[in-house]
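Report on the following structure.
The values are calculated or read from the model by the stated rules, or taken from the named source; none is laboratory data. Since the structure is predicted, the reported quantities are computational estimates derived from the model, not experimental observations. Every residue, glycine among them, receives a Cβ derived from its backbone with ideal geometry; neighbour counts consider all protein chains shown. What goes into the accessible areas is simple: the full protein's heavy atoms, side chains included, and nothing from ligands, DNA or RNA. Shrake-Rupley method; radii C 1.70, N 1.55, O 1.52, S 1.80 Å.
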Amino acid sequence: MVFLGVFILASQIIAMGGGGFSMEPENPLLDQYILNQTNVKKPKICFIPTASGDSDGYINRFMNAFRSLDCEPDYLSLYQPPQSIESFVMAQDILYVGGGNTKNLLALWRAWGLDTILYRAWKKGTILAGLSAGSICWFEQGLTDSIPGKITPITCLGFLNGSNCPHFDGETSRRPAYLDALSEGKIKEGIATDDGVALHYIDGTLKRIVSSRQEAYAYHMRLKDGNVIEDRLNPHYLG
C-alpha cells in the first residue's frame, strides 16, 4: 500500500480455528504460511502463551518448532515480563497467541495494558496470529470454554468485526452452542473454523481462507428471519 509516496504496511490478522505446531507438529503448513506473510527474510516471531498460564511445556514446543523454520522465535511472559513490554512487542514482526483460557488471557492483557500495545503493533504492520483463544481474542465476540463444562459468548478485543468460534469440527459442543447463541441473540454473526483452517484478514477485511488439512472448512454463521444460516466457505488447501 502506498500513500503520497510512503510505504504503509497493511494490518494483518491470521486467526486459526486449530492447528499449527501445538496440534499438528508434523504439519507446519499453517505456521509456514504465517511466516511467509512478512517481507522480512528471517522474521522475528514472538509467542504469547498467556491463555495457558505461560505453560513451560507449551513455550518449549513453540520454540522447538520454530527453531526449525527460517525465523527468530521468542516468547513474552506476563509472569516474568521484560523491562519494557511495549519495546519488546514493537520489535517483533509476528505475534503468535496460543490457546487456553480466553477469559484469563483478556483479563491479564488488560491489566498489563497489553491489549492497547497489541493494537498499536497491529496498526504499524506487525502480524497478529493465533489459534483457539488466540483466534477469538481479536474479534468483537467469541465462543469460549473458559468456564469448565460450558461454551459461552465472551466479549473480546474488537480488532475484527463480528464473532468467531474455533474447533468447529474438533469439539462436538461447539456447533450447537453457536447455533443457540445466534438464535437467542446472544452473539453477533461471524465465522466458525474447523481445526486446520485459518482466516487471513488484511486491514480488517477477510481476504483469504487457507487450510492445512483437506476436508476442513470455515462457516459464515448468521441469523435471517429467525433462522440460523450456515454458509460453508471453502479454503485454499496449502498442501
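What to note about this one:
- Taken over segment 38-50, the criterion of being surrounded by fewer than 18 Cβ atoms within 10 Å (Cβ to Cβ) and part of a loop (DSSP other than H, G, I, E, B) is satisfied by ASN39, VAL40, LYS41, LYS42.
- Count of segment 51-66 residues, restricted to those that are of a type in the set (Asp, Glu) and open to solvent by 50 Å² or more (accessible area, probe 1.4 Å), is 1.
- Test: residue in segment 188-199 that is modelled with pLDDT of 95 or more, exposed (fewer than 14 other Cβ atoms within 10 Å of the Cβ) and among the charged types (D, E, K, R): no
- Test for ILE154: is it among the β-branched types (Val, Ile, Thr) and within 17 Å of the chain's Cα centre (by Cα): yes
- Residue satisfying condition, being in contact with a Leu (Cβ under 8 Å, 6 or more places away or on another chain) and either under 27 Å from GLY204 (Cα atoms) or part of a helix (DSSP H, G or I) (or both), within set GLY57, GLY18: GLY18
- Extreme residue, farthest from LYS41 (Cα to Cα), among residues of segment 67-81 that are in a loop (DSSP other than H, G, I, E, B) and touching a strand residue (DSSP E or B) at 6+ places or on another chain (Cβ under 8 Å): LEU76
- So LEU69, is it open to solvent by 10 Å² or more (accessible area, probe 1.4 Å) and hydrophobic (A, V, I, L, M, F, W, C): yes
- Restricting segment 50-78 to residues that are among the acidic types (Asp, Glu) and in contact (Cβ under 8 Å) with a residue 24 or more places away in the chain, the residue that is nearest to MET23 (Cα to Cα) is ASP54.
- Filtered residues of segment 131-171 (kept if at pLDDT 95 or above and at positive phi): SER132, GLY158, GLY162, HIS167
- Meeting the requirement of 1 or more residues that are surrounded by fewer than 18 Cβ atoms within 10 Å (Cβ to Cβ) and without any contact (Cβ under 8 Å) to a residue 12 or more places away in the chain, the helices (runs of 4 or more DSSP H) wholly within segment 85-174 are 85-90, 102-112, 114-123.
- Single condition LEU179 does not satisfy, out of (1) on the phi < 0 side of the Ramachandran plot; (2) without any contact (Cβ under 8 Å) to a residue 12 or more places away in the chain: (2)
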